[in-house]
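These notes are about the structure you will find just below.
The values are calculated or read from the model by the stated rules, or taken from the named source; none is laboratory data. All of these numbers come straight from a predicted model, not from anything done at the bench. Quick reminder, even Gly has a Cβ in these numbers, built from the backbone with ideal geometry, and neighbours come from all protein chains shown.
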Amino acid sequence: MNKAIVLTGITTTGTPHLGNYVGAIRPAIDASKNANVSPFYFLADYHALIKCQEPERVRQSSLEIAATWLALGLDTSNAVFYRQSDVPEIMELTWMLTCVTAKGLMNRAHAYKAAVAENEEGVDDGMDSGGRATHGAVAGNDPDKGIAMGLFSYPILMAADILMFNANKVPVGKDQIQHIEMARDIAGRFNHIYGEHFVLPEAVVDENGATLAGLDGRKMSKSYNNTIPLFEPEKKLRKLINKIKTNSLEPGEPKETEGCTLFSIYQAFATPAEVDDIRRRYAEGIAWGEMKQVLFEHINEQITPARERYDALMQAPEHIEEQLQEGARKARAVSAPFLKELRKAVGIAPITKA
Ligand code: TRP
């Protein structure tokens, strides 16, 4: 039986936080130990350029993300762990796919549409001085203002990431489902024109996969600036946990677990029995200060061994680089021959045909 190819990418723009860990990293690392799947995990550094033009941040983020995954015990004997930019075939495939992708398909991408909508909201009343509808196209009120081609066509780069390895399953957050559908569309179009080369990928969305709440109770996300970095030193971790927003109920007053940020984070790190115990303590009126202490100790205990490995890896980046190079070698063993086949399929080949 052929093993299912499971592929996912991590954009290298930030520092991994507890939300990333619970939602994406932990399940991916578990899957890396499953001998029935063939995982491809990569640092999506060319994707980072879409939203981040700070070179140092892109570099540092690549380092932190790679160190995080390795420290958490990614099984690199089973998983292929690489950096997108080390596999140049992906960029070449991107162009082939760009040439079969309908512009109209890209017009419908949520990320692009949201950026346009934001431009159109602005000060525009939708009319020119004569009261005619402008559809946002007034001088100084360009609907495409500030939108780079990278943002517009990034679903094609993502399709290339996936199709390059003929991935069957792509674990992603809900916000990315549309991109997987676009990758299927693009693959179908290419196959229709040039013959069956690509497998149509499927999105895998973990429905009960926790989206973790952040410091302010909203979804933990870099864009809300409410994250708890995964490998923060102990003292800082405690400080951040103490900052988590609660209501003003006094010690001894019974508390709701539903909608409580502290509880929801605890739940993501605890066994069902531990969760039941905490539920009981909420009903008995546990003080918020005490719950914060419980939460800190619980998380800290779980991540301390990995944090130690992380700190050691960050001190020895050459080991990380070595692992990534080994990953790139394994990835290119697949992508190079496949790209050769694709080039031939589209007519990019030596004129002196064998
Ligand atoms: N765009 C994805 C995100 O923002 C990251 C990503 C890039 C990705 N290429 C991918 C995910 C390919 C899955 C497959 O989360």
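Any chance you could count how many residues in the stretch 86-105 are in contact with a Pro (Cβ under 9 Å, 6 or more places away or on another chain) and surrounded by fewer than 18 Cβ atoms within 10 Å (Cβ to Cβ)? Talk me through it step by step, then tell me what you get.
Going through the stretch 86-105, the residues in contact with a Pro (Cβ under 9 Å, 6 or more places away or on another chain) turn out to be 101, 105.
From the residues that got through so far, the ones that are surrounded by fewer than 18 Cβ atoms within 10 Å (Cβ to Cβ) too are 105.
Counting residues in the stretch 86-105 that are in contact with a Pro (Cβ under 9 Å, 6 or more places away or on another chain) and surrounded by fewer than 18 Cβ atoms within 10 Å (Cβ to Cβ) gives 1.
Among LEU262, LEU249, which is over 22 Å from ALA306 (Cα atoms), hydrophobic (A, V, I, L, M, F, W, C) and assigned to a loop (DSSP other than H, G, I, E, B)? Show your work before the answer.
Working: LEU262 fails: assigned to a loop (DSSP other than H, G, I, E, B).
Sole residue among the options that is over 22 Å from ALA306 (Cα atoms), hydrophobic (A, V, I, L, M, F, W, C) and assigned to a loop (DSSP other than H, G, I, E, B): LEU249.
Quick check: anything in the stretch 212-221 surrounded by fewer than 16 Cβ atoms within 10 Å (Cβ to Cβ), among the aliphatic types (A, V, I, L, M) and away from the ligand (no atom under 13 Å from the Cβ)?
no
Looking for whichever is among the hydroxyl-bearing types (Ser, Thr, Tyr) and more than 19 Å from THR94 (Cβ to Cβ) here; the options are SER223, SER153. Which one fits?
Values: SER153 fails: more than 19 Å from THR94 (Cβ to Cβ).
Checking each option against the conditions leaves just SER223.
Let me confirm something: among THR246, THR227, which residue is more than 16 Å from the ligand (Cβ to nearest atom) and either assigned by TED's automatic domain parsing to the domain that holds LYS103 or in contact with a helix residue (DSSP H, G or I) (Cβ under 7 Å, 6 or more places away or on another chain) (or both)? If you could, list the steps in order and put the result at the bottom.
On the way: THR227 fails: more than 16 Å from the ligand (Cβ to nearest atom).
The conditions single out THR246.
State the number of residues belonging to the stretch 142-177 that are closer than 20 Å to GLY23 by Cα and free of Cβ contacts under 8 Å to residues at least 60 places away in the same chain.
3
Go through (1) closer than 20 Å to PRO233 by Cα; (2) touching a strand residue (DSSP E or B) at 6+ places or on another chain (Cβ under 9 Å); (3) within 16 Å of the ligand (Cβ to nearest atom) one by one and return the number of the condition VAL6 breaks.
(1)
Does the stretch 178-187 hold any residues that are within 11 Å of the ligand (Cβ to nearest atom) and hydrophobic (A, V, I, L, M, F, W, C), and which are they?
The first filter runs over the stretch 178-187 and keeps only residues within 11 Å of the ligand (Cβ to nearest atom), leaving 178-180, 183.
Across the stretch 178-187, the qualifying residues are ILE180, ALA183.
Is it fair to say LYS236 is over 30 Å from PHE165 (Cα atoms) and surrounded by fewer than 20 Cβ atoms within 10 Å (Cβ to Cβ)? Steps first, please.
Details: over 30 Å from PHE165 (Cα atoms): yes; surrounded by fewer than 20 Cβ atoms within 10 Å (Cβ to Cβ): yes.
Against the criterion (over 30 Å from PHE165 (Cα atoms) and surrounded by fewer than 20 Cβ atoms within 10 Å (Cβ to Cβ)), LYS236 qualifies.
For residues that are surrounded by fewer than 19 Cβ atoms within 10 Å (Cβ to Cβ) and either in a loop (DSSP other than H, G, I, E, B) or among the aliphatic types (A, V, I, L, M) (or both), scanning just the stretch 173-187, find the one that is nearest to the chain's Cα centre (by Cα).
My answer is GLY173.
Would you call LEU295 touching a residue at least 60 places away in the same chain (Cβ under 8 Å), surrounded by 17 or more Cβ atoms within 10 Å (Cβ to Cβ) and assigned to a helix (DSSP H, G or I)?
Working: touching a residue at least 60 places away in the same chain (Cβ under 8 Å): no; surrounded by 17 or more Cβ atoms within 10 Å (Cβ to Cβ): yes; assigned to a helix (DSSP H, G or I): yes.
Judged against the criteria, LEU295 is not a match.
Name the pairs whose Cβ atoms lie under 7 Å apart, with the first residue in the stretch 38-49 and touching a residue at least 40 places away in the same chain (Cβ under 8 Å) and acidic (Asp, Glu), the second in a helix (DSSP H, G or I) and more than 10 Å from the ligand (Cβ to nearest atom), and 6 or more positions between them or separate chains?
The qualifying pairs are ASP45/VAL58; ASP45/SER62; ASP45/SER85.
Looking at this structure, is PRO39 within 14 Å of the ligand (Cβ to nearest atom), in the same structural domain as ASP206 (by TED's automatic domain parsing) and touching a Pro at 6+ places or on another chain (Cβ under 8 Å)? Can you show your working first?
On the way: within 14 Å of the ligand (Cβ to nearest atom): yes; in the same structural domain as ASP206 (by TED's automatic domain parsing): yes; touching a Pro at 6+ places or on another chain (Cβ under 8 Å): no.
No, not satisfied.
List, please: which pairs have Cβ atoms under 7 Å, are six or more places apart or on different chains, and start with a residue in the stretch 312-340 that is on the phi > 0 side of the Ramachandran plot and of a type in the set (D, E, K, R) and end with one that is in a helix (DSSP H, G or I) and surrounded by fewer than 16 Cβ atoms within 10 Å (Cβ to Cβ)?
That search, which allows pairs on different chains as well, returns nothing.
Of these, PHE190, PHE198, PHE152, PHE165, which one is within 13 Å of the ligand (Cβ to nearest atom), at pLDDT 95 or above and either surrounded by fewer than 23 Cβ atoms within 10 Å (Cβ to Cβ) or not in a strand (DSSP E or B) (or both)?
Numbers: PHE190 fails: within 13 Å of the ligand (Cβ to nearest atom); PHE198 fails: within 13 Å of the ligand (Cβ to nearest atom); PHE152 fails: within 13 Å of the ligand (Cβ to nearest atom).
Going through PHE190, PHE198, PHE152, PHE165 in turn, the sole match is PHE165.
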